[in-house]
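The values are calculated or read from the model by the stated rules, or taken from the named source; none is laboratory data. Computed from a prediction, not measured in an experiment: that's the story for all the values here. Every residue, glycine among them, receives a Cβ derived from its backbone with ideal geometry; neighbour counts consider all protein chains shown.
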């Protein structure tokens, strides 16, 4: 279970992690922890699946990258194997089943528009199902943190 | 537009040439920061870059808004936000910018994007994400938001997630470096 220290770590480190030679030591100090204690806590949170990852959120368009939201209408009896095909691509960042006729929703992110299009073409070829490609036209808001 | 525009404006970043070395670094970083007392040294080691150079490049990438944030990214579900709804709206094209700005500013809304319609199957062009402890809470906050913001009359659909198959970070960078 998470305790108050875990919550404080999550709240603090969602806002940003230091870029320095000993970043865990720098981040641990205001939390009243040692460097080792902080590393141990983060390891635990990661093992328990609380953290999806520990890394960057990037503006992919700034270096030629591309991402898109994709939907498919998958017959229920084919759902498992279609999900396996979709998730087998490292370019697929997340995939959710949702309660709608378009029942599978996933994000494809790649180093270029071309690569993302290749993945979509391959998904269609391997599943025999059409994909609905819905890249963002405009971003109004991206929440960067949630309250632990 | 979109992420790029916000990065430039939001961070006050200036144009920055992203080199192949930077892409290698971004790609390595997307795989996760090592839980090591000197993580940037360890990260650099994997791509043949010294710690000082890693720190310098990361700081530049952050200031330019190419790295929007570096830190921990948590799963809503594991923090007790068990219901997640993608709420999609069919808004006339000449109103979507204004409505998008308004909904994007709401505390209940964690993501807000304009995306293309895919007619005839998909008439919705504004995508918002709302999280809550359970479905009832999400539905209540959606109803409240729709009234308060004067958007209740637009056609909308609520797609709750019923299962999460995969959730990891996007991987970017040159393929040879990412794989």
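Brief remarks on what is shown
- Residue count, region B:147-156 (criterion: under 20 Å from residue B:136 (Cβ atoms) and surrounded by 17 or more Cβ atoms within 10 Å (Cβ to Cβ)): 1
- First in region B:122-134 and without any contact (Cβ under 8 Å) to a residue 12 or more places away in the chain, second anywhere and in a loop (DSSP other than H, G, I, E, B), Cβ under 8 Å, 6 or more apart: B:122/A:102
- Residues of region A:51-67 that are at the interface with another protein chain (Cβ under 8 Å from one of its Cβ atoms), part of a strand (DSSP E or B) and either over 14 Å from the mean Cα position of the chain (by Cα) or within 14 Å of residue A:136 (Cβ to Cβ) (or both): A:67 alone.
- Among the residues of region B:106-120, those that are outside any strand (DSSP E or B) and in contact with a strand residue (DSSP E or B) (Cβ under 7 Å, 6 or more places away or on another chain) comprise B:108, B:115, B:116.
- For residue A:70, the conditions (1) touching a helix residue (DSSP H, G or I) at 6+ places or on another chain (Cβ under 7 Å); (2) within 30 Å of residue A:118 (Cβ to Cβ); (3) at the interface with chain B (Cβ under 9 Å from one of its Cβ atoms); (4) at pLDDT 95 or above all hold with the exception of (3).
- Here residue B:176 meets the list (1) more than 25 Å from residue A:51 (Cβ to Cβ); (2) more than 7 Å from chain A (Cβ to nearest Cβ); (3) at pLDDT 95 or above almost entirely, failing just condition (3).
- One residue alone among B:78, B:144 is over 26 Å from residue A:66 (Cα atoms), over 16 Å from the mean Cα position of the chain (by Cα), facing chain A (nearest Cβ under 7 Å) and not in a strand (DSSP E or B), and that residue is B:78.
- Filter pass, residue B:83 being more than 7 Å from every other protein chain (Cβ to nearest Cβ), under 20 Å from the mean Cα position of the chain (by Cα) and at pLDDT 95 or above: no
- Taking region A:26-50 as the range and being within 7 Å of chain B (Cβ to nearest Cβ) and either within 23 Å of residue B:22 (Cα to Cα) or touching a residue at least 12 places away in the same chain (Cβ under 8 Å) (or both) as the test, the residues that pass are A:35, A:39, A:42, A:50.
- Test for residue A:117: is it surrounded by fewer than 18 Cβ atoms within 10 Å (Cβ to Cβ), in contact with a strand residue (DSSP E or B) (Cβ under 9 Å, 6 or more places away or on another chain) and at pLDDT below 95: no
- Candidates A:138, A:145: the one that is over 22 Å from residue B:119 (Cβ atoms) and either at pLDDT 95 or above or touching a strand residue (DSSP E or B) at 6+ places or on another chain (Cβ under 9 Å) (or both) is A:145.
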